[in-house]
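Heads up, the thing below is written out as structure tokens.
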Amino acid sequence: QWLFFHVRASMRDIRNREFHRIGRFTFPAYLSNWQDLASLLLTVMLITMVCMEPILHCMGQEDSTELFTEHCAVGESILFAYSILSTAATLFYFLLLTDLSVFSTRVSAFALVCGRVLSEVALFLFGLTFFALAFACAISSLEQDDPDFAGIPLTGLQLYKITFGMFSGSRYDMLVDYPALLVAIILYVIVTSIFMLNLLIAQLNCSYSECYQDMLGFARLNRGKIVTETMPSVARKRWDRFVGTLRLEDRVEFGEGDIGLAGGIQILEPASANVTTVDMIRRFGGSTSMAAQWPEEDAAGDDDEDRF
């Protein structure tokens, strides 16, 4: 199904000459949507997994004792690469499941906000990489024999572990034998774990509060777009039956005895949900003729603004 979808979408964009260009690379315009791009990558992974299926390669091999087995000479050689593709395909599959968030406006808004604040996380990772590289080069210049900090690549890896809390606590005790190395690690912890992590929290807090209200509206628009795109695929009889159940031709009652307009869907709520001490609808008795004089209000001119 995905293979048919991508072939049809690609042919449609090629026929209409709709392309998207990034640098020197040109590709069909529909791939500018990240969901379509992720589904294309997942489709390629699934096709590759079928071609690399160890069970298929082990069929007919002399060293395979069972009918459906992946443990043979050929299967063992491609089993690791197959597992990598399987892991990536599983992650892409669950990434595409985020489309189900449109069923809840709050969840959809949360997902959109997460996508919007990813730039702040990327800035944090860029700054963290810069400081890890700087301290790794500085620590490699020290005269020390700690095997965990031997060379720039290994030192950078250990610094990343320190930031993310993956560095073993027993290894901190070994740093006492190297005072200069201990001072460098303390400075790195102050810069990254104390300063940059708290700065990231502050950035995410401010970005979330600013984006959430807008993302709530974008979530509603996204749901409306999905409904609009799905409507042409619904059968006419099924659509007419659905519209009939909405009873849009009935007038919506604003209040008890107050018949309103047609074309809406009435939603009841408890009387205590929105307490109104003053009736917002003012009613006047008498004729409804257009030529009749507009009735005067009883308290007209008595408020502070009218007196001023």
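The values are calculated or read from the model by the stated rules, or taken from the named source; none is laboratory data. Every value quoted in this text rests on a predicted model; they were computed, and no experiment measured them. FYI the Cβ positions are ideal-geometry reconstructions off the backbone, even for glycines, and counts take in every protein chain you see.
What the table below lists for this structure:
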item: Neighbours by Cβ (under 9 Å, 6+ apart or cross-chain): first from segment 1-26, within 19 Å of Val44 (Cα to Cα); second assigned to a helix (DSSP H, G or I) and of a type in the set (D, E, K, R); result: Phe5/Asp36; His6/Asp36; Ala9/Asp36
item: Check on Thr98, of a type outside the set (A, V, I, L, M, F, W, C), at pLDDT 85 or above and not in a loop (DSSP other than H, G, I, E, B); result: no
item: Number of the exception - Val121 against (1) over 27 Å from Gln1 (Cβ atoms); (2) exposed (fewer than 13 other Cβ atoms within 10 Å of the Cβ); result: (2)
item: Options Gly217, Gly260, Gly224; residue that is surrounded by 10 or more Cβ atoms within 10 Å (Cβ to Cβ) and over 19 Å from the mean Cα position of the chain (by Cα); result: Gly260
item: Single residue of Leu31, Leu37 found to be crowded, with 16+ Cβ neighbours inside 10 Å, in a helix (DSSP H, G or I) and without any contact (Cβ under 8 Å) to a residue 12 or more places away in the chain; result: Leu31
item: Residue in segment 6-24 that is in a helix (DSSP H, G or I), in the same structural domain as Tyr82 (by TED's automatic domain parsing) and closer than 26 Å to Ser83 by Cα present; result: yes
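Yes or no, residue by residue, for (1) surrounded by 12 or more Cβ atoms within 10 Å (Cβ to Cβ); (2) assigned to a helix (DSSP H, G or I):
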| position | (1), (2) |
| --- | --- |
| Phe126 | no, yes |
| Thr129 | yes, yes |
| Ala132 | yes, yes |
| Gln144 | yes, no |
| Leu154 | yes, yes |
